[in-house]
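K.L.:
Starting off with a structure, shown below.
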Amino acid sequence: MLPILQVGDVLLSPDILTEHFCCDLEACGGACCIEGDAGAPVTVDEIGHLERVLPAVWHDLDPRARKVLNKQGVAYRDPDGELVTSIVGGKDCCFTCYDERGVCLCATDRAHREGRIDWAKPISCYLYPIREKRLSNGTVALNYDRWTVCAPARKLGNELGLPIYVFLKEPLIRRFGKEWYAELEQLVAALKEEGLLS
């Protein structure tokens, strides 16, 4: 088994390299946006973005979500004191919407893909199933979050042979930069050369 890995000043759980994953919205229905007991982690900057783009997606949102947003805003502090997106009914993210197949989508991400807004979604959503944690010494740690609702993504990822770090190449570059991702790829190549990674 691989030890904890480090790329730049970022620690990585080795299963980010060894486990496979590929979102399968047809199979899961977008469950990660409507299950759980808290909203998606957000930064103060991302709260500003959500507030800015809210008018553009307002009519895409469920009336119950609009009621929550009017009352408490786009985010709140969860029981652990973390800033997270506002939720409806104790679980559904307020920024969800549904397509014609009944698949749950992120309203801001869809509006961004349609060219209606210039910002897509919080980085925590973009990086999932990787969860980022800042340690007491200021170091960033990345962990693979195994959630039962993502069983279809694990199945598809295994069928495709798609490691998590490859599936999440774009969001990892968005978060840490192209040079950092290139360094990650160099680490993977070295581990493969040593026979420590298949």
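Please treat every number below as a calculation from the coordinates, not as lab data. Every value quoted in this text rests on a predicted model; they were computed, and no experiment measured them. All Cβ positions, even for glycine, are placed from backbone atoms using ideal geometry, and neighbour counts span all protein chains on display.
K.L.:
Would you mind computing Rg(Cα) / (2.2 N^0.38 Å) for the stretch 1-128, counting N as its residues?
P.N.:
The value comes to 1.15.
K.L.:
Sticking with this one: Suppose every K and R has +1 on its Cβ and every D and E has -1 on its Cβ; what is the size of the dipole of the stretch 29-127 about the Cα centre, in Debye to the nearest 20? Before the final figure, lay out the partial values.
P.N.:
Details: 12 positive and 16 negative charges, 65 e Å.
About 320 debye.
K.L.:
Also, quick follow-up: Based on DSSP H runs of at least 4 residues, each adding -39500 (n - 2.57), what is the mean residue ellipticity at 222 nm of the chain after dividing by all its residues, to the nearest 500 deg cm²/dmol?
P.N.:
-11000 deg cm²/dmol
K.L.:
Taking only Cα atoms and a 10 Å spring cutoff, compute GNM fluctuations for the chain and point out the largest among 141, 120, 56.
P.N.:
56
K.L.:
Give the shape of the stretch 146-198 as rounded, prolate or oblate, defined through the alpha-carbon gyration tensor: a ≥ b ≥ c are the square roots of its eigenvalues, a/c under 1.5 means rounded, and otherwise the shape is prolate if a/b is larger than b/c and oblate if not.
P.N.:
It is oblate, given that a/c is not under 1.5 and a/b is not larger than b/c.
K.L.:
Taking amide H positions as placed in the peptide plane 1.01 Å from N, state which residues far from residue 197 in sequence (5 or more) or on other chains have amide H under 5 Å from it.
P.N.:
Distant-sequence amide H within range of residue 197: 192.
K.L.:
Longest exposed-loop-site-free stretch of the chain, with GluC sites (Glu not before Pro), DSSP loop and at most 14 other Cβ within 10 Å?
P.N.:
1-81
K.L.:
Have a look at 30, 81, 39 and tell me which one the Gaussian network model of the chain (Cα, springs below 10 Å) gives the largest fluctuation.
P.N.:
The residue that fluctuates most here is 81.
K.L.:
Might you report the magnitude of the Cβ-based charge dipole of the chain about its Cα centre, with Lys and Arg at +1 and Asp and Glu at -1, to the nearest 20 debye?
P.N.:
Its charge dipole is roughly 480 debye.
K.L.:
Right, another one. Give the residue from 111, 31, 126 lying farthest towards the positive end of the charge dipole for the stretch 29-127; charges sit on Cβ (+1 for Lys and Arg, -1 for Asp and Glu) and the dipole is referred to the Cα centre.
P.N.:
111
K.L.:
From Cα pairs below 8 angstrom and at least 6 apart in sequence, can you work out the relative contact order of the stretch 1-119, rounded to a whole percent? The partial results should precede the final answer.
P.N.:
Details: 145 pairs, mean separation 32.9, N = 119.
That works out to 28 percent.
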